[in-house]
Each structure stands twice: as structure tokens, then as C-alpha cells.
Amino acid sequence: MTDSEQRTIVVTGATGLQGRAVTRHLLQEGWHVRGVTRNASSKQAQALAATGADMVQGDMEDAASLRPIFAGAYGVYSVQNPFLGGPEAEVRQGQNVASVAKESGIQHLVYASAGTGVKGSGIPSWETKLRVEEHMKALDLPLTILRPMAFMELMTDQKFFPALSTWHVMPMLMGASRKVAWLCTDDLGVIAAKVFAAPHQFVGKELALASDVQSLDQCRSIYREVMGKNPPRFPLPAWLFKRFGFVGKDLATMWQWLRTAAIDLDTAPARTIHPDAFTVRAWLGQQKAARSTPA
């Protein structure tokens, strides 16, 4: 193994929200990154390549396409998106990544999971991740599981349709006063890089990650104070939202479950690793500043 390979991390889903953040912070910490994407010529892939990532074409549905990408690498950051191919595709992809990581002698696999880590929630996108985790553990991989809580980007990122989902249907189904554990994806990237840098400390650990705890009512108030206006809101009946395919059904199930379920609201695990992680207020302030900065 060359010195470069000893410092190489493969990031699956590199052009996604999590993948971009993890790639950015790994590069900043001196790692060499192979970013896996289904389209290495896409605008997002080329933007990452310009920052120093080695963007390579691969498909997590095809284990054979992953083998040359994983060859000689030190670690893998594994993330799959259940909302693209559906829950069974997510399981296949996650298991393929784990199996090829085992074959390739990967020394540290960091898995981006979600939820509580306990079966029985009935939330498809959480239950699928537990199936992937079971496969990883059965392979006896050097594994760290990260469970980021609600991403702060849900409040602003247009791909999440915050006006109708986060700011309307979510409080209807979950309750606007229920506490929510938040983390921004940039801080997840920081934490992932720190985890890879200290395998002796993190291999074998499962970490629930949140940097702030605020209800949606509190987030709405903070948004108004920081942005100088109310967050966008588009009224939509919950029954109609549930008809938005797998995404609508999954999120609606999640929010209804969260209305009464006990969840981990401890910010200590994330802040112990990354003391400067954003609060909701600080993160919204950064978003406002970014919007007002000329391109």
C-alpha cells in the first residue's frame, strides 16, 4: 500500500448533501478522497474534483464496479439515499458497500445511519439502515456508526420543500412544541473527519449526533429573529403529502412516531467531538450571511 493509499478515504454518494460535506472536511484534513458517483461528468462531481477529490464512476447496486475503487483504500464513508431507489435498493447498496469493504481489507468503515438504532419504529428509512448495520456487524468490520439527527438544512434547502414539509406538515403531525435534535451537514463532515483520524477511539462506537435541541415553534421564532421574516409556509393537507410516493409516506410515518416517542436529545456526543458545532441560531445566521454575499 502506498502512502497515498494509506491516506485514501472512499466516500459513497459523494455528490449528495452528506457526501459533499464529508469530502470537503476530509480534504481539509489532508486525506485523499475517492468520491463515488454514478456520473463523474456531472456538474456536482466536477465541482468536487476542482477541490481536489478524485471523482470515480461507480454504482452501489453493482458490487463489481466498487472493487477497483475500494482497492488499496484505508477507509470508506458509506451513505445511501433511500428516497432515490426505495428502501430495498438502499439495503442492497449498503450491503454491497460493506461486503466489498470486507473483501478489500478496508481498515475503517464509517456508516451514516439514522434513527434511534432500535428496531420497531415502523419507519422504513430507519429500519432499512438497521438491516445494513446487521450485515456490517456480521462481517466483523472495523465499524463506526454515526446517527445524525434532523438536519438543519430541512429548514432552508429547497430540495426538502421546507415550505410544505418542515414548516407545515411536520408540525401538524409531530407537534410544533416537540423537541427536535438538530445537526447541520457541515458539522457532520467535521465529525466524520475526526472519527477517521482517531480509529482507536471510535471503532466499535455508535454515536447519536445533535448539536442543538429546539422545537419547531422555537425554530420558527429563531428564524424570524435572524432572517427578519417568517419562514415560508405552504399549507397542504397531510393526506396529500402522504401521497408523494415513498418520501411522503416515510416522512409522515416518522413525524407521527416522533409525536409521542422518546428520543435521544443529548448533544454531548457531538459536542465532545466538535465543540464548535452550530446551534440553530448560529447556523441560520450563517445561511443569511451566505445569501447576502455576492456570488
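Throughout, read-outs are computed from the coordinates displayed, never taken from laboratory work. Source: prediction; values computed, not measured. Because the Cβ atoms are built from the backbone with ideal geometry, glycine has one as well, and the counts that use them run over all protein chains shown.
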Taking 69-77, 116-124 and ranking on average Cβ neighbours within 10 Å, highest first, one gets 69-77, 116-124
For segment 98-115, in residue order, the Karplus 3J(HN,Hα) values (coefficients 6.51, -1.76, 1.60; θ = phi - 60°; whole Hz; Gly and Pro = x) are 5, 5, 5, 4, 5, 4, 8, x, 4, 8, 7, 10, 10, 10, 8, 9, 6, x
Label-point separation in nm, ALA238 to ARG259, each point 7 Å along Cα→Cβ: 0.4 nm
Which of the peptides 186-196, 221-231 is most tightly packed, and how do the rest follow, judged by the mean count of other Cβ atoms within 10 Å per residue? 186-196, 221-231
If I build a Gaussian network model for the chain, linking alpha-carbon pairs within less than 10 angstrom, which residue out of GLU153, GLU206, GLU134 has the largest mean-square fluctuation? GLU134
Take the chain, connect every pair of alpha-carbon atoms lying under 10 Å apart with a spring to form a Gaussian network, then pick out the residue of THR279, THR51, THR253 with the largest mean-square fluctuation. THR51
From the P(r) of segment 144-295, could you give the percentage of C-alpha pairs in the tail past 18 Å? 60 percent
Rank ASP250, ASP157, ASP212 by mean-square fluctuation in a GNM of the chain with C-alpha springs under 10 angstrom and give only the top-ranked residue. ASP157
Rounded to the nearest 5, what is the percent of antiparallel bridges among the DSSP beta bridges in the chain? 15 percent
Once you put a point 7 Å from the Cα of LYS205 and another 7 Å from the Cα of GLN286, both along the Cβ direction, what distance in nm separates them? 2.1 nm
Between ALA163 and LYS249, what is the spin-label point distance in nm, taking each point 7 Å from the Cα along the Cα→C-beta axis? 2.8 nm
Taking θ = phi - 60°, what integer Hz values does the Karplus form 6.51 cos²θ - 1.76 cosθ + 1.60 yield along segment 133-138, in sequence order, with x for Gly and Pro? 4, 4, 5, 4, 5, 5
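Pairs LYS205/LYS249; LYS129/LYS249; LYS205/LYS242: which exceed 27 Å Cα-Cα? Mind showing how you got there, number by number?
Numbers: LYS205/LYS249 31 Å; LYS129/LYS249 17 Å; LYS205/LYS242 35 Å.
From the list (LYS205/LYS249; LYS129/LYS249; LYS205/LYS242), the Cα-Cα distance tops 27 Å for LYS205/LYS249; LYS205/LYS242.
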So for the chain, taking the charge dipole from beta-carbon charges (+1 Lys/Arg, -1 Asp/Glu), which of GLY105, PHE160, TRP239 sits furthest toward the positive end? TRP239
Over all alpha-carbon pairs in the chain, figure out the percentage whose distance exceeds 34 Å. 19 percent
